[in-house]
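The values are calculated or read from the model by the stated rules, or taken from the named source; none is laboratory data. As the structure is a computational prediction, the values presented were derived from the model and not from experiment. All Cβ positions, glycine included, derive from the backbone under ideal geometry; neighbour counts span all protein chains shown. For the accessible areas, the whole protein counts, side chains as well, though only heavy atoms, and no ligand, DNA or RNA atoms are used. Shrake-Rupley method; radii C 1.70, N 1.55, O 1.52, S 1.80 Å.
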Amino acid sequence: MSNGSGRLDGKVAVITGAASGIGAGTARMFVREGAKVVVADLQDDAGQALVDELGDAARFAHCDVTSEDDIAAAVDLAVSEFGRLDVMFNNAGIVGIVGKISEMPADAWDHTMSILLRGVFLGTKHAARVMQEQGSGVIISTSSTAGILGGLGPHVYTAAKHGVIGLTKSVANELAPYGIRVNAISPGNTVTAMTAAVTTGDADNTADTEKSIAKGSPLGYAGVPDDIAAAALYLASDESRYVSGHTLVVDAGQTTAGMTPQRFNTGPSRQFHEAGRVT
């Protein structure tokens, strides 16, 4: 796979949540731009299918981001197969538990937080142990517009995504002397199976999801995974060599408008699981 301009030639990346949505779009874009990629995901069939599509430039690692062993193994696979680790993209996520704070089960809170924030911590930790020895590297984590403003996501999702931004700033300060840059991306509404489940109740209904997102977009059209992948490509490339501790918001200007009506924090508690399904 080629047709890129070589912006990531010679670089090696691990992408969590890479079997679908933003992660899959980023894996494809990174490989087109010359990178080798470890596709790290719980979705074995989808992950292996993507690796088969990408060819020799990709490897699959079964990865539950709440498991330190799985994260460590994905990082070690990059090093053993491709010789180094230049980019860690902590992207895996779910919507998780939604509903009123007074009725939210604590175990559901903990489960959602373990994926959205613990997973970023573990990915950052194990990327750092390799990158410090190299004296270089880039760590990117997916936050959200819900990490910028309240009212744009469920309570635990909002708390975790704010935490991703705080962790990004803190770790950027620690790792800068090692030549490691640490940044985050805050996507606005993007057409994926996860947003389709929230928007339409059907994770496969991306067509109606795109129409719905476009209606609420200041620019009049919906964001797609390649829009976020392009942001990750910039942060992963040498073009952003002087950028660290930054959160790149990719939301068509949505967060410039301030608060929006609550959509998640009313009604009965529900959980949105990894595949975008609702219970």
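Within the stretch 232-254, the set of residues being buried (at least 20 other Cβ atoms within 10 Å of the Cβ) and in a helix (DSSP H, G or I) comprises 232, 233, 235, 236, 254.
Residue count for the stretch 1-31, restricted to those that are touching a strand residue (DSSP E or B) at 6+ places or on another chain (Cβ under 7 Å) and open to solvent by less than 30 Å² (accessible area, probe 1.4 Å): 14.
Comparison of 256, 145 shows that the only residue that is in contact with a helix residue (DSSP H, G or I) (Cβ under 6 Å, 6 or more places away or on another chain) and either without any contact (Cβ under 8 Å) to a residue 24 or more places away in the chain or over 19 Å from residue 86 (Cα atoms) (or both) is 145. All of 47, 55, 93 fail the test of being in a loop (DSSP other than H, G, I, E, B) and not β-branched (Val, Ile, Thr), apart from 93.
Out of all the residues in the stretch 128-136, is one or more closer than 26 Å to residue 78 by Cβ, in a helix (DSSP H, G or I), among the acidic types (Asp, Glu) and out of contact with any His (no Cβ under 8 Å at 6 or more places or on another chain)? Looking for residues that are closer than 26 Å to residue 78 by Cβ, in a helix (DSSP H, G or I), among the acidic types (Asp, Glu) and out of contact with any His (no Cβ under 8 Å at 6 or more places or on another chain), one finds at least one in the stretch 128-136, hence yes. Looking at residue 85, is it surrounded by fewer than 24 Cβ atoms within 10 Å (Cβ to Cβ), among the aliphatic types (A, V, I, L, M) and outside any helix (DSSP H, G or I)? Considered against the rule, which asks whether it is surrounded by fewer than 24 Cβ atoms within 10 Å (Cβ to Cβ), among the aliphatic types (A, V, I, L, M) and outside any helix (DSSP H, G or I), residue 85 comes out as no.
Could you tell me whether the stretch 32-41 includes any residue that is among the charged types (D, E, K, R), without any contact (Cβ under 8 Å) to a residue 24 or more places away in the chain and open to solvent by 10 Å² or more (accessible area, probe 1.4 Å)? Spell out the reasoning first.
Step one: list which residues in the stretch 32-41 are among the charged types (D, E, K, R), which gives 32-33, 36, 41.
Still in the running and without any contact (Cβ under 8 Å) to a residue 24 or more places away in the chain: none.
Among the residues of the stretch 32-41, not one is among the charged types (D, E, K, R), without any contact (Cβ under 8 Å) to a residue 24 or more places away in the chain and open to solvent by 10 Å² or more (accessible area, probe 1.4 Å), which makes the answer no.
Would a scan of the stretch 166-184 turn up a residue that is within 23 Å of residue 80 (Cα to Cα), part of a helix (DSSP H, G or I), under 13 Å from the mean Cα position of the chain (by Cα) and touching a residue at least 40 places away in the same chain (Cβ under 8 Å)? Checking the stretch 166-184: not a single residue is within 23 Å of residue 80 (Cα to Cα), part of a helix (DSSP H, G or I), under 13 Å from the mean Cα position of the chain (by Cα) and touching a residue at least 40 places away in the same chain (Cβ under 8 Å).
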